[in-house]
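Chemist: To start, I am sharing the structure in question, which I have written as structure tokens.
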Amino acid sequence: MNFNIHRLTASRLHLPEDISVRSRLRALDLMAVWTWGIKGVLSLMIVTLLAALTGGVLRILLDMWQLADHHTEVVLRQVIIDMLILLAIVEVFKTTATYFSEGRVKVTFIVDTILVVMLTEVISQWFKGGDWPAFAALGGILLILGIVRVMVIQWSPTHAKQSAYSYMAHAKEGDRT
């Protein structure tokens with residue numbers, strides 16, 4: 001078999017033959033390298049998250065088989081906690097996919113992820129019969145995160161743009177009458 005292997009040469013890169021390594025590095029587009037690297041890492045992260053979700057669903061299905069041997073309440077508590085953890089992984093997946101497609105992280109997705117994780121912790125503490133100071137601390141954190149979530153939606157840059165556009169549309173309608 002005859003393989004045609006193309007080498008990266010100065011002529012293929014449209015660089016003069018006598019250019020130095022330092023000059024080649026200066027001509028390198030670091031943003032393109034950064035974008036390529038981030039896309040590669042995010043692709044691996046998405047595959048890892050999908051594998052974790054699949055494994056988590058399989059684990060929940062296996063936990064359901066324990067209904068025959070253990071009390072229903074104990075098994076269903078564990079299933080609820082496992083499902084909430086999977087929902088947190090879904091939120092991380094949404095954040096990763098949004099960064100992959102839009103190139104930015106939405107704060108609402110991060111707050112949603114933290115809210116799901118904290119809610120899982122509250123339910124876990126409740127099932128364990130946790131003490132009231134721990135419930136109060138977790139409840140306070142959930143309240144603050146809820147307020148932050150509302151604030152993020154209220155003063156979102158996209159919300160402000162939509163408000164400005166709707167204001168301008170109404171102003172133009174008023175000029176016509």
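Just so it is clear, none of the values below were taken in a lab; they were calculated from the coordinates. Being a predicted model, the structure only gives us computed values, none of them experimental. When we count neighbours, we look across all protein chains shown, and the Cβ atoms used for this are built from the backbone with ideal geometry, even at glycine.
Chemist: For labels at VAL21 and LEU61 in the simple 7 Å Cα→Cβ model, what's the distance in nm?
Modeler: For VAL21 paired with LEU61, the spin-label model returns 5.3 nm.
Chemist: Moving on to the next point. Using each residue's phi in the range 89-100, evaluate 6.51 cos²θ - 1.76 cosθ + 1.60 at θ = phi - 60° and report the 3J(HN,Hα) Karplus result to the nearest Hz, with x for Gly and Pro.
Modeler: For the range 89-100, the Karplus curve yields 5, 4, 5, 5, 4, 4, 4, 5, 5, 5, 5, 5 Hz.
Chemist: How large is the dipole of the range 29-176 about the Cα centre if only Lys and Arg carry +1 and Asp and Glu carry -1, each at its Cβ, rounded to the nearest 20 debye? Can you show the working numbers first?
Modeler: Numbers: 11 positive and 12 negative charges, 96 e Å.
Approximately 460 debye in magnitude.
Chemist: Quick one: what do you get for the range 58-128 if you divide its Cα Rg by 2.2 N^0.38 Å?
Modeler: Numbers: Rg = 15.2 Å, N = 71, 2.2 N^0.38 = 11.1 Å.
Normalised Rg, Cα atoms only: 1.37.
Chemist: Turning to a different aspect of this structure: For the range 29-176, take the alpha-carbon Rg, divide it by the Kirkwood Rh, and send me Rg/Rh. Before the final figure, lay out each step's value.
Modeler: On the way: Rg = 21.3 Å, Rh = 18.8 Å.
We get a ratio of 1.13 for the range 29-176.
Chemist: Spin-label point model (7 Å from Cα, Cβ direction): what's the VAL33 to ILE81 distance in nm?
Modeler: 4.7 nm
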